[in-house]
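Before any comments, here is the structure.
The values are calculated or read from the model by the stated rules, or taken from the named source; none is laboratory data. Keep in mind that this is a model prediction, so the values were computed, not measured. When we count neighbours, we look across all protein chains shown, and the Cβ atoms used for this are built from the backbone with ideal geometry, even at glycine. All accessible areas refer to the heavy atoms of the entire protein, side chains included, with ligands and DNA or RNA removed. Shrake-Rupley method; radii C 1.70, N 1.55, O 1.52, S 1.80 Å.
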Amino acid sequence: MAVGKNIEYALVKTFQPYHGNPIHVILAKDLVGKYFSEKAAQVTFEEYKAGDKLIPFKIEKTFKGSELVGINYEQLMPYAKPEGGDGFRVIMGDFVTTEDGTGIVHIAPSFGADDFRVAKLNGIGSLTLVDKQGKFVNEVTDFAGRHVKQGRPGQHRKTLLI
């Protein structure tokens, strides 16, 4: 994942909306309002019940993106390891903005010029779990040979790059 060096990020305490468990998330401070309702800021954590529409949140800490650089994170699909370098480490990206998204950019060195460039500069390896037909490769044992994104029968399949 890439962050912006001078972007201010927020560590937000909240609840996972699907199962209701307490979590912490990090996103650009300027984008907190996009994901969290101001009304929810008035709800206490003690009042919250799983399934409530208003999910309380609290910004616990803010910091510059440069403070996140180097942190390792858990691989979500641990079927294979990156080739030709490290992986699952936060790096700096000069293309990261707060115009949309979360202010954190997923890096896929095999699928984009900016991603490849910044990964190479930071010793991040390439991990390709999808073939040219848009199907998971054999290493992804639970989904091997299945299309990443299913289309309707007879429809041209588009690949969702992960």
Per residue, how much accessible area does the range 1-153 have with a 1.4 Å probe, in Å²? 64
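Quick check for me: using +1 on Lys/Arg Cβ and -1 on Asp/Glu Cβ, what's the dipole size of the chain about its Cα centre, in debye to the nearest 20?
480
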What is the percent carbon and sulfur in the accessible area of the chain, measuring with a 1.4 Å probe over the protein chains and ignoring ligands? 52
Gyration tensor verdict on the chain (Cα atoms; rounded if a/c is under 1.5, prolate if a/b is larger than b/c, oblate otherwise): oblate
